[in-house]
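Here the structure comes first, spelled out in structure tokens, and everything after it is commentary.
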């Protein structure tokens, strides 16, 4: 597969269409608008539907309709727009409709700003809508992962009949990197539960209303079971020099990139530092944390939000190891130096000694990126 | 049974479905429907066809909010009045399912 | 029914086949609707079911149900059923129709649903001329939730949230949905009917049938508003409620046709069939066959490359393109690359900058905090990023002279009036390429073939390619003349 230079936001759309997505409903918002623009250009050419809705509320409900009609469908937005979509996401989860939502995050709360931030973690990972549901969340950290995880998101959405998020930030959405795509497109397949206006689908019902309390509970138990299944089989994280690491750095998305640079430099400096980068934020890679905690003396969480990822790391570690925290907000990115200084300071306080460490082989590094 | 003028229309009221709202009584042009005395098992006094006089106009069907409470029939034979319509739908008389 | 009867009489009105025979989705009383005695919903359900049956579209029908007393459409209609969030049925119906154009998509909504919380959705579905049918049940009140005020509540009408009666001063006036939607260009058919007496009811049935038939013909957006009695919440007998529709409600909501372009409306032309699957990569421009092979062979050898560049200037100075050509050339040469722009209003407010990295190794952070080379296309950009340049690095500055106050002992500077030099070449807008030429001279990490390839890929106009090539050449020469032998 040959590579080409492409923005993350464009890669999402191309990957989606290759994955069989044939409907896009969206509403413009910086820094996600290129996704709608690319969808407007390519979706109809691929025989799909594109429509700019009157609001994010309408867009997500159009997704409900498209998914109900058995079509792989997606939308994209950013913080304020995702807030508005939460109603529809809850309905889709309740009706067990699959869809993919790309959240290219920006600063908040309120109008905030359009700089890259990670403050949507709670509303996306914990589920910002009402009721007992979860959304699966994939967090790419490169343009290639924007493509790969978008395709993965459609598979998961169908497998679990549940909305799946691709949670990226303004940087990953806006940056260009080389990206390669699969050379074969996935055929759209109509699921048997869809309502498409045919004799075969006439008996189907799409909805989330269960007036009977026992029936409602049974429905929720079934949803719970599928989330447990996802937790067991779909969890993904990248570990990088982390196996024996005394200090484990934790971050996702663009922060994961910075932490790689920091990890490499800290190790060159003789500090046994490793990186654990969650790729699925829900299901959260709890087992990775538990395993690394056997050797690690300290975890350092770095995020561009107010301790939202930190909460999940603490829950995962359940007090097994201390967790330190460095964050920047408002669109500021924790600089490589800032993080490195923080790591050095905590290495000193924790009594982590400098020693000769094997260099990270380029090959290993490449493997770790897969 | 004496020969009698046959009605152009015929009416069935399913008293299981009827909620006794009375809209058909109000709407019926020849006024051949009334609210009966008997309660159905939901406790509604239901509409009752007088047993004759239906013109088959169908307005009672349209004003009735229940999908299956009223069935309207029209005479197929041109010899209207050749024989008497059976007294289906008369309160307390028929045991058929549609009453 | 006896055989004697069926031979003499034929059934002309009976329960529609578009209804389930038994309402099995209902947990109890499965032969009876959940509606109160005298409720208009039942009549409207029957009219809609008759239309579906008569038009022979039971299999094709997708009924999008609302939130409100009409929520249980799927209990009764033996069609494809979808249950929408409050007010959102037109959005749901829009997507269902677009993805299943052969389906007959009907949105069934009440007045709280359609005229309050779903105002935006109905207006825009109508304005787009979605080829759907909307049945709008207006009973001037929120019934399901127990009688609260609706946008359609009449002036003076009491509700649990307007206990003294609706006042125009505080709640405004009843919302006239048909009149409002009739101001739009796209709708084909809009009519308000009532269930106030026999005549009205007969007309209501006709209108509903027509609204569905329009969709079967494929002609466009059709909406029927039905003034419908709610005896329970209105605290009237069914007969009183029916009369109230005719005698009171109709005065506020006059019946009639507000839009009828049924005759002249044309169905959409047949959709183009979807392209075959194997064409999709080509359509998306990601097919290997359509992508360049690259010139990685020209970069063979083990020379380390890790170039970090920051390019800054005003919008329109070609900052982003400069960076893109650099990154594209890097990719062509088989390097790992990243290009990260500043974006959003920042771009539109004048200043613009981007980060570019080229490396043999996978690039960790695409953010260039300490550039090896800063390309500053003007003084404000220099001011912003001057201090960030790595000691031993370079600043390429577009100006007559390098401003004294930014001089640093530990960085190299190449300051020239690049815009004027570009102007001499034929167009001042080529200044970015003159500066890129200088940068390529300094960094000297890319084969010429890759730069040529990148330029041709990103600049479509051949006249510009020629000019840019001259500009790059000029830039290299400027660097050579000025700093021959300074760098290793």
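Side notes on the structure shown:
- From largest to smallest, the equivalent ellipsoid semi-axes obtained for segment C:302-483 from the alpha-carbon gyration tensor read 21, 20, 17 Å.
- Angle in degrees between helix A:336-350 and the longest Cα principal axis of chain A, rounded to the nearest 10: 60 degrees
- Counting DSSP beta bridges with both ends in the protein assembly as shown, the antiparallel % (nearest 5): 40 percent
- Rounded if a/c under 1.5, otherwise prolate or oblate - segment C:75-141, Cα gyration tensor axes: oblate
- For the protein assembly as shown, the convex hull spanned by the alpha carbon atoms encloses 198 Å³ per residue.
- Inter-label distance, nm, simple model (7 Å from Cα along the C-beta direction), residue C:463/residue A:225: 7.0 nm
- Principal-axis tilt of helix C:462-483 within chain C, Cα atoms, nearest 10 degrees: 40 degrees
- Global geometry of segment A:107-222, whether rounded, prolate or oblate, following the gyration tensor of its Cα atoms and the 1.5 cut on a/c: oblate
- Take the Cα of residue A:41, step 7 Å toward its Cβ, do the same at residue C:119, and the gap between the two points is 3.8 nm.
- At R0 = 51 Å, FRET efficiency that the Cβ-Cβ distance of residue C:424 and residue A:184 yields, to 0.05: 0.50
- Counting only the Cα atoms, chain C fills a convex hull of 254 Å³ per residue.
- Antiparallel %, DSSP beta bridges [both residues in chain C], to 5: 35 percent
- With a Förster radius of 45 Å applied to the beta-carbon distance between residue A:269 and residue A:233, the computed FRET efficiency rounds to 0.70.
- Helix A:33-42 axis, angle to chain A major axis (alpha carbon atoms, nearest 10°): 50 degrees
- Shape call, chain A: gyration tensor on alpha carbons, a/c limit 1.5: prolate
- Legend: calculated FRET efficiency, residue B:41 to residue C:290, from the Cβ-Cβ distance at R0 = 56 Å, rounded to 0.05, equals 0.15.
- Residues C:69, C:39, arranged from fewest to most other Cβ atoms within 10 angstrom of their Cβ, appear as C:69, C:39.
- In nm, spacing of pseudo-spin labels at residue A:348 and residue C:400 (7 Å Cα→C-beta vector): 5.0 nm
- Counting only DSSP beta bridges with both residues in chain A, the antiparallel share comes to about 25 percent.
Since every read-out is calculated from the coordinates, none of them should be taken as a lab result. Remember, it's a predicted structure, so these values are computed and weren't measured experimentally. Neighbour counts are summed over all protein chains in view; Cβ atoms, including those assigned to glycine, are modelled from backbone coordinates with ideal geometry.
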